[in-house]
Structure formats: structure tokens, C-alpha cells
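J.: Got a structure here, written out as C-alpha cells. Questions coming.
Read the figures in this text as sums done on the coordinates, not as results from a lab. Keep in mind that what you see is a predicted model, and the values were worked out from it rather than measured. Positions of Cβ are backbone-derived with ideal geometry, glycine not excepted, and every protein chain shown enters the neighbour counts.
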Amino acid sequence: MARWDIFCSVVDNYGDIGVTWRLARQLAAEQGHAVRLWVDDLASFVRLCPEASVEAECQHLQGVEVRRWVEPFLVVEPAQVVIEAFACQLPPAYVAAMAASGTRRLWLNLEYLSAEDWVAGCHGLPSPQLGGLQKFFFFPGFVDGTGGLLREADLLARRRALQADTQAQQAFLQSLGVTRETGARLISLFAYENVGLTGWLDSLAAGAQPTQLLVPQGKILADLQVWLGDAQLAPGDQRRCGNLQIHVLPFLAQDDYDRLLWSCDLNAVRGEDSFIRAQWAGRPLLWHIYPQEEGAHWDKLEAFLDLYGAELSSAVAAAHAAWWRAWNAGEGMEQAWPALLQAWPVLQQHAERWCDSQAARPDLATALEQFYLNWLSYAA
């Protein structure tokens, strides 16, 4: 067992803390490490972990010590493994303590997820730091030579058990105030603001198959309100427009959000954490990538589309890519959605195959553990 410190500076509300909280729990539960998670925004953390306190300086939750990250930083002994998540800057006092300790410590920069070709070449590279320290870049990824994806050991077994149990799915949905209609398509929607929502909702409302749209509280609600003409939507609200039934859900804790993904036929997700979890659901997904300056996010989007669509026919891959591009461009969903439905059975099968292919690779926590063990062996 080793001591691990994970530092998370919350940038995009839930993606950064979502990934680090899952990782911290898995390192503690499955690898047996003593993990401290340093968080600078406990309010966001409490949304994902309702039993947490927004006021506590230190709290122990699900095997993890969660600490408030404030400046001036507390005087603490640095851990044996230190992770700065998503290029956040470690507290200068903490870095100074690492340099002054005289003990070698593994310092990792856990990077954002990307399917771009250059990732495998940069994964694991060292970066010399002041004070004789060394930091390594650790890249999650979808291919050999990267750090893999976050996946708990029993995740797929739990997912498949729920998906095989219709009564359990119904009970979960009813706990959210949702009763599945006979023959209806279930779609979960968690996205950034998107003016392209209007075209998609128009298509769903006019579609031949009934659709139930399950929308947890989030940024997309503002666009939904505009389309409905409602000033304010709240959890528990339901609206029907044509063949579209809309259910507004509360913001869900992580385990409940997983169950929502598993219970739906299609999941529209955003950022990084929900993007990864939707892939483990084994269902078709629609990704709203986090927009970056100068359109840098489009390279990431296209890289993933190329990888995800590599085993699809050219026609199906083109329809799938056009749908994702329309969603991220905020226009054209009214044309892209009907075209996508023509390939729906193929995409359903492909989602499960993609999940299985990724599950055959080491998960992120296991890859981090192996990197640490290799580092220890090299140091010896």
C-alpha cells in the first residue's frame, strides 16, 4: 500500500472532479492505497457525492480522505505518488516540501482524454522540474501505449445485470418519477448549451416512434426552456410535445447517473466523465465535446470519430459522424437525426462491441498502479 495525493482544481463544474473522485475511490477500494483527494470546489463535489459536506476541511468518504484545497496550503507530508489532474498547478508549498524531503516521489500529470495520434507517443514522458524533481505525463486513451479508461473491476457486470433485469430498470426509473411507455425510445440528455437542440427536438416530436427524453439538471435546460416556452423548469416537471415526452430530473450522484445511462437506449453526454461512462453503457451515444479556443476541440472530435467508426461501413460511419458534427456545430440535427436512424440497429451492435474492445485493455487505475510499480523497480 502506498499513499497517493490527487489534486483537482474544478474548471468545468463536474468533469474534472467526476474523474478524480472515481479514480480516488477505485485506487482505495481495488488497489488498497491510502488516497487523499484535494478539491478546491467542494460545492461541485457535493453534487456528485451527496453525503459529503461543503463545509468540512477534512472528511472520509468511501475509503477516501477528501481535503479542502485552499491557500495558504496546509503543511503536510507529500504522498509517495502525487497526481496533478488536468494540468492544475500544485501548491508551491507542496512542491517545495517534495523537493526538500530528500525522498523520491512519483509525480504524475494526469492529462485530458484524447484519441489523437500523438497521445501514445507522449504518454509516460518525463519532464524535469525545479529542485531536482521529475514529473511524468500520463495520458488516458483508447489504444495500446496509453493509460486506458476509468473502469471499476465490477462495472460491466453490474451494468449487464441491470440491463438484463427489466423490473430493476423500471424500479430505478420510477424512483426518478419516470414510467417507461410501451414502445418508447429512452434518451438521456446531459450537454452544454446548444442551439442545435431545437432541430433535434422538432424531429423527435414529429417522429413515428415515441421518445422519452430524460434531462438531469444542467446547462442544456436553458435551451430546453426556450424550445418549450417555459420560463423555468424544475426536477419533476414533465412536458409532452407530439411524440416527445420530456422528464426533468434532479442532478444525479455518480452511481445513479450510471444507472440512468444503462437504462436508456441512447445517451447524449458532455465533457469527459459522462463521455467515458456512456461508452461503458454499451449503448449508442452522442458526445458534446467541451469547446476550446480556436476550434481545437474539433481535432479531438474527429480523431475519436475516426477511431470509433473504423469498424463500421463507410455509409454508417458517415451518418454517425454527420450526426455528431451537427450536434457540436449547433445546426443540422433535423437532417442528421433521421439519417442516423437508418443505421440504428448497426450502431446498437457496434456500441456493445466497442465497449468490449475497450474493456479488453487495462483500466486507468490499473495502468497507474503498474506505472508506479515499474517506476519503483527502475528506481531500485
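J.: How would ARG151, ARG239 line up from fewest to most surrounding beta-carbon atoms within 10 angstrom?
T.: ARG239, ARG151
J.: Starting from the Cα coordinates of segment 67-197, work out the convex hull volume and express it per residue in Å³.
T.: 231
J.: Can you tell me which of 20-31, 153-164 comes out highest on packing, and rank the rest after it, using the mean Cβ neighbours within 10 Å?
T.: In descending order of packing, they fall as 20-31, 153-164.
J.: Need the full-extension length gain, ARG104 to LEU74, defined as separation in residues times 0.36 nm minus the C-alpha distance. One decimal, nm.
T.: In short, 8.7 nm is gained.
J.: Then there's this: Which value at 222 nm does the chain reach when only helices count, each DSSP H run of 4 or more adding -39,500 (n - 2.57), with the total divided by all residues and rounded to the nearest 500 deg cm²/dmol?
T.: About -12500 deg cm²/dmol.
J.: Cα gyration tensor of segment 155-359, axes a ≥ b ≥ c as square roots of the eigenvalues: rounded (a/c below 1.5), prolate (a/b > b/c) or oblate?
T.: Verdict is rounded for segment 155-359.
J.: Quick one: if you stick a label point 7 Å off each Cα along the C-beta vector at GLN370 and ALA296, how many nm between them?
T.: 2.9
J.: Then there is this: How much length would be gained if the chain were fully extended between GLN217 and GLN170, taking 0.36 nm per residue of separation minus their Cα-Cα distance, in nm to one decimal?
T.: 14.8 nm
J.: On to the next question. Short version: ³J(HN,Hα) in whole Hz for each residue of segment 93-99, in order, from phi by Karplus 6.51 cos²θ - 1.76 cosθ + 1.60 (θ = phi - 60°), x for Gly and Pro, what are they?
T.: 5, 5, 5, 4, 5, 4, 5
J.: Restrict the search to segment 100-161; then list the chymotrypsin sites (Phe, Trp or Tyr not before Pro) that DSSP places in a loop and that have at most 14 other Cβ atoms within 10 Å of their Cβ.
T.: TRP118
J.: Could you put PHE139, PHE190, PHE73 in order, starting from the residue whose Cβ has the fewest other Cβ atoms within 10 Å?
T.: In order of increasing Cβ crowding within 10 Å: PHE73, PHE139, PHE190.
J.: Quick check on the chain: of the DSSP beta bridges with both residues there, what percent are antiparallel, nearest 5%?
T.: Taking every DSSP beta bridge with both residues in the chain, the antiparallel ones total about 20 percent.
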